[in-house]
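All of the numbers you see were taken from the coordinates with simple rules; none came from a lab. As the structure is a computational prediction, the values presented were derived from the model and not from experiment.
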Amino acid sequence: MKTVVQRVARAAVRVDGEVIAEVGRGLLLFVGIERGDTEDDADTTARKIATLRVFPGRTPMDQSVAEASGACLVVSQFTLAASLDKGNRPSFEPAEEPERAEALYLRVAGQLEQAGLPVRTGRFGADMQIELVNDGPVTFLVFARGGRLVKAV
C-alpha cells in the first residue's frame, strides 16, 4: 500500500464540477492499493498517519493532525500502483482489483475515523479533480506491506 501524505491548508474533491468532499487544515491522502495488500496494511497506514507529527507547534514538526485540530481527506489513487518499468505507457497490472481496492481504501479512512479524526473521502473510481493548497509544502510517502511499515519518507 502506497500513500502520499500532504499537509494542506485546505483541499477539496470535485466530481462533475460538484464539490463532494473538502477539508480545511489537515492532511490530504492519496492511497494506492496494490495486489497483495491486506487489512493489516490499511491499519498500519492509518496508525502511522494518525500519529505523524507534521504540524507546527513549539517546533515546525511538533503536532499530529488531531493535535492541530485538522481533518483528513482520503482519496483513492490507483496510479500509485502503476509500473513504469517497460516502455513509456504505465502498466496497472500491480494495482488491486477494484472491489478489493475500494474496501481497503475505505478501511484506511475508517481506521482514521476510529482514531477520532474528522475524515472525508473522494469517490472511488470516479474522475475526480483535486484542489489543494499544500502547506509548507510538506509531503511524505508511506509504504506498508505485510502488516508493517516498509518505508516512510
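Here are a few things to note about the model shown:
- Here the Karplus curve 6.51 cos²θ - 1.76 cosθ + 1.60, taken at θ = phi - 60°, turns the phi angles of segment 26-33 into couplings of x, 10, 9, 10, 9, 10, x, 9 Hz, with x standing for Gly and Pro.
- Global geometry of segment 67-108, whether rounded, prolate or oblate, following the gyration tensor of its Cα atoms and the 1.5 cut on a/c: oblate
- Prolate/oblate/rounded label for segment 1-78 (Cα gyration tensor, a/c 1.5): oblate
- Added length on full extension, which subtracts the Cα-Cα distance from 0.36 nm per residue, F92 to M61: 7.7 nm
- Karplus-derived HN-Hα couplings along segment 138-153 (A = 6.51, B = -1.76, C = 1.60, θ = phi - 60°), whole Hz, x at Gly and Pro: 10, 9, 10, 10, 10, 10, 10, 8, x, x, 9, 6, 8, 7, 9, 10
- Whole-angstrom gap from segment 99-129 to segment 67-92, using each part's C-alpha centre: 13 Å
- Sequence-separation-based contact order of segment 1-72, relative, with Cα cut under 8 Å and 6+ spacing, percent: 31 percent
- Between amide H atoms placed 1.01 Å from N, distances below 5 Å from I20 occur with V13, R14, V15, all of them 5 or more places distant or on a separate chain.
- Contour minus Cα-Cα distance for R10 and T38 (0.36 nm per residue): 7.1 nm
- Note, ³J(HN,Hα) from phi for segment 88-103, Karplus 6.51, -1.76, 1.60, rounded to Hz, x at Gly and Pro: 10, 9, x, 9, 9, 4, x, 6, 6, 4, x, 4, 5, 4, 4, 4
- DSSP assigns beta bridges within the chain; of those with both partners inside it, close to 80 percent run antiparallel.
- Percentage relative contact order, the chain, counting C-alpha pairs under 8 Å, at least six apart: 37 percent
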